[in-house]
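Just so you know, all these numbers are worked out from the coordinates, no wet-lab data involved. Being a predicted model, the structure only gives us computed values, none of them experimental. Positions of Cβ are generated from backbone atoms using ideal geometry, with glycine treated the same way; all protein chains shown enter the neighbour counts.
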Number of protein chains: 2
Amino acid sequence: MAVTIRDVARDAGVSASTVCRALSSPELVKAETRERVRRSASALGYSPNKAARGLITGRTGNLGLIVPDLANPFFPGVVKGIQARARELDYAVFVADTDEVPTAEAELVQALAKQVDGIVLCSPRMSESALRPLAEQTPTVLLNRRVSRIPSVTFDNLDGMRQAVAHLTALGHRRVAYVGGPRSSWSNRERLRGLRTAAAANRLELVEVGNVLPQFTGGIAAADLVLAADVTAVVAYNDLIALGLLSRFRARDVDVPGHISVIGIDDIAMSAMVHPPLTTVSSPVEQSGRAGVDLLLDLMENPDRTATARRELDTHLTVRGSTGPLHRP
Amino acid sequence: MAVTIRDVARDAGVSASTVCRALSSPELVKAETRERVRRSASALGYSPNKAARGLITGRTGNLGLIVPDLANPFFPGVVKGIQARARELDYAVFVADTDEVPTAEAELVQALAKQVDGIVLCSPRMSESALRPLAEQTPTVLLNRRVSRIPSVTFDNLDGMRQAVAHLTALGHRRVAYVGGPRSSWSNRERLRGLRTAAAANRLELVEVGNVLPQFTGGIAAADLVLAADVTAVVAYNDLIALGLLSRFRARDVDVPGHISVIGIDDIAMSAMVHPPLTTVSSPVEQSGRAGVDLLLDLMENPDRTATARRELDTHLTVRGSTGPLHRP
DNA sequence: TTGAAAGCGATACCAT
DNA sequence: ATGGTATCGCTTTCAA
């Protein structure tokens, strides 16, 4: 079948060891021999078997990536960032989708652990106590989650919320709702914390209307609760929820932003495509993926020094038509 | 580090061979021994190293998947379907995104070929002559593309277009535009062919307004051409383009569906979320992914007999608010 | 029913 | 500078 190192060795009239060296440590081989080997290799179309190499070197050249739900456009962005960086570094990427089932996370990590050099865990929902042993077993980087002694890439949710509240305050809003996402989401907790802090600092009333699925339907479901809460603005855990709110508001003939202002988080592409376009807290999603890969490689080379490495990326408010000044009497 | 088969063997007081058999060919091992081995294995948290196994069996237990652009919500759907099926069958999946760069396809196939048992090529843009040698080298299944002697899963684009035209005809439309996607897209060619056939059969005028990127911005760009074409309805290569059309129409104060009807293809989630919601030709996307995996496994077991296996999945028109009867004078 | 040993493909160490 | 050999973890004859 496939051409092996021994085929090349025979063809070039040298030993397998020499072929190996000629290809991976050229400086150790006489120029003439090296050339002969290289010619044979490319003539036969040889390329080394990564699995076999990994067996002995302990490096597979593969990375693992686990995300909660590819149907949420936020995550494909992360995947693209990771892919792009991984390809630059000549790594291949296993991708697994847990379908928002927290127990699937650990299973998938276990399944991938032996065939990858490291794993990027994106927005994991599992508990810290479940997470830490996994991270000790395989080099792991967390995205959108912070856990002590595990490297992570996060967005500055606190500052994002501060910007959102500042914007609403400037527009005259005094009473604002928050539609929460999954309770097990670290981002959700951070966003809530950021909102509380910012609200207090601005003497704004914050109404928490509960937790919903981080999806369009979650927003649909929350919309009526928001209206009943008698607020003039609402911040949603993510853009999908915010889009659900917008949709339901329209169905109920509630004017946005005339009657109520809406702010989402993530800045998924769709947010700019709807009408009115959604004001949202933008995060550099692809960049977070790239940063995750870089952190992972650091970690692999240097298990201890970088164990607590952290990148926190800036967010910024993108103001669009779904927020506006308060007109109500 | 990781627990190996020998650790389990020692713990259970048997040889490595027996552990291997107990786990993969249980019927060859005495029940009692088998149980003991299994207990040791799970106590130690053993799971076999796929790479090492692959070295000897020639099977890696991995699949490769190559898609043009994860940012187009159609593709994450495919990925989810493939993942789900692959996980059921205990396969892990490499995912690679070409960013719509056709030359990246072959490179990625080459890079993955040696570490997977088979590859699913989703909507490949490369030429047939480039495709065929790749498919001969590694078991390959095509999604959304048909090439002789390579197994494939496709949607019944022709019938989908027939349904779309029937719908528009029933509403009274006589002159319809088509906004094309990438010229190198097989689906685009099929859709165009289907439209031409159906238009002729219904004595409908079909205006082809050129090819655009299969993205929201493509639709924005095409909208003005469509308006200038003096049609009462437009079919777009995909939903993203259709959403771009809707957006631009709204910006130009063109009423949909009062002044013009719009039909997309794919039925991505967003299509139901906008206003007016988009009429579209729905395809069973996740199912196509699952079918792709099944075809691939057939092919692996049976390289010759199934070389030309084909699945064509039914599509159906989902009518929503973006199409309506003709009111114009 | 079980164990010993060979070997998959590549690499790394030890000789020469 | 090059070759021989052991080894990675697992599966698979072949014997017992």
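Numbers below:
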read-out: Residue B:275-residue A:201 FRET efficiency (beta carbon distance; Förster radius 41 Å; 0.05 resolution); value: 0.70
read-out: Amide H contacts of residue A:93 (H built 1.01 Å from N, under 5 Å, at least 5 apart or other chain); value: A:63, B:95
read-out: Computed over chain A: relative contact order in percent, which uses C-alpha pairs under 8 Å that are six or more apart; value: 17
read-out: Using a Förster distance of 41 Å, the FRET efficiency for residue B:44-residue A:30 (Cβ separation, nearest 0.05); value: 0.30
read-out: Nonlocal amide H pairs with residue A:318, under 5 Å, H built at 1.01 Å; value: A:280, A:281, A:282
read-out: Shortest-first distances to equivalent copies, position residue B:32, nm, label 7 Å out along Cβ; value: 6.8
read-out: Whole-Hz couplings from phi, Karplus 6.51/-1.76/1.60, listed for the range A:95-106; x for Gly and Pro; value: 10, 9, 10, 8, 6, 6, 9, x, 5, 5, 4, 4
read-out: Principal axis dimensions, the range A:24-130 - Cα atoms, whole angstrom, descending; value: 57, 27, 22
read-out: Helix A:74-88 axis, angle to chain A major axis (alpha carbon atoms, nearest 10°); value: 20
read-out: Proximal charge balance of residue B:29 [Cβ under 12 Å; K/R count +1, D/E count -1]; value: +2
read-out: Rounded Å value of the spacing that divides the Cα centres of the range B:187-243 and the range B:14-30; value: 61
read-out: Förster-model FRET efficiency, 22 Å R0, residue B:89 and residue B:312, C-beta, rounded to 0.05; value: 0.45
read-out: For A:119, A:265, order by how many other beta-carbon atoms lie within 10 Å, fewest first; value: A:119, A:265
read-out: Degrees between helix A:31-44 axis and first principal axis of chain A (Cα, 0 to 90, nearest 10); value: 70
read-out: Distance between the range B:268-329 and the range A:37-89 - C-alpha centres, whole angstrom; value: 30
read-out: Label 7 Å beyond Cα on the Cβ vector: residue B:254 copy-to-copy distances, nm; value: 3.3
read-out: Listed residue (A:104, A:168, A:204) projecting farthest to the positive dipole end of the range A:101-249, Cβ model; value: A:204
read-out: Anchor residue A:114: lysines whose Cα lies under 27 Å away (excluding residues fewer than 8 positions away in-chain); value: A:50, A:80, B:50, B:80, B:114
read-out: Among B:292, B:29, B:67 - extreme Cα towards positive end, dipole of chain B, charges at beta-carbon; value: B:29
read-out: Dipole magnitude of chain A, debye to nearest 20 (Cβ charges: Lys/Arg +1, Asp/Glu -1, about Cα centre); value: 500
read-out: Ranked list, fewest to most other Cβ atoms within 10 Å of each Cβ, for A:67, B:14, A:101; value: A:101, B:14, A:67
read-out: Where only alpha carbons of the protein assembly as shown are counted, the Rg and the Dmax (Å); value: 27.5, 91
read-out: As computed over chain B, the Cα convex hull volume per residue (Å³); value: 155
read-out: Using a 7 Å Cα-to-Cβ projection, residue A:203 label spacings across copies, nm, ascending; value: 7.5
read-out: Average beta-carbon neighbours from other chains, 10 Å sphere, peptide A:66-78; value: 4
read-out: Value at 222 nm in deg cm²/dmol, rounded to 500, when DSSP H runs of n ≥ 4 in the protein assembly as shown each add -39,500 (n - 2.57); value: -14000 deg cm²/dmol
read-out: Residues A:314, B:11 arranged by fewest to most Cβ contacts within 10 Å; value: A:314, B:11
read-out: Residue among A:130, A:43, A:92 with the largest mean-square fluctuation in a Gaussian network model of chain A, springs linking Cα atoms under 10 Å; value: A:43
read-out: Between 0 and 90°, nearest 10: helix A:285-301 axis offset from chain A longest Cα axis; value: 40
read-out: Residue-wise HN-Hα coupling along the range B:314-322, computed from phi with Karplus coefficients 6.51, -1.76, 1.60 (Hz; x: Gly, Pro); value: 6, 10, 8, 6, 10, 7, 9, x, 8
read-out: Residue-wise HN-Hα coupling along the range B:212-219, computed from phi with Karplus coefficients 6.51, -1.76, 1.60 (Hz; x: Gly, Pro); value: 9, 4, x, 9, 3, 5, x, x
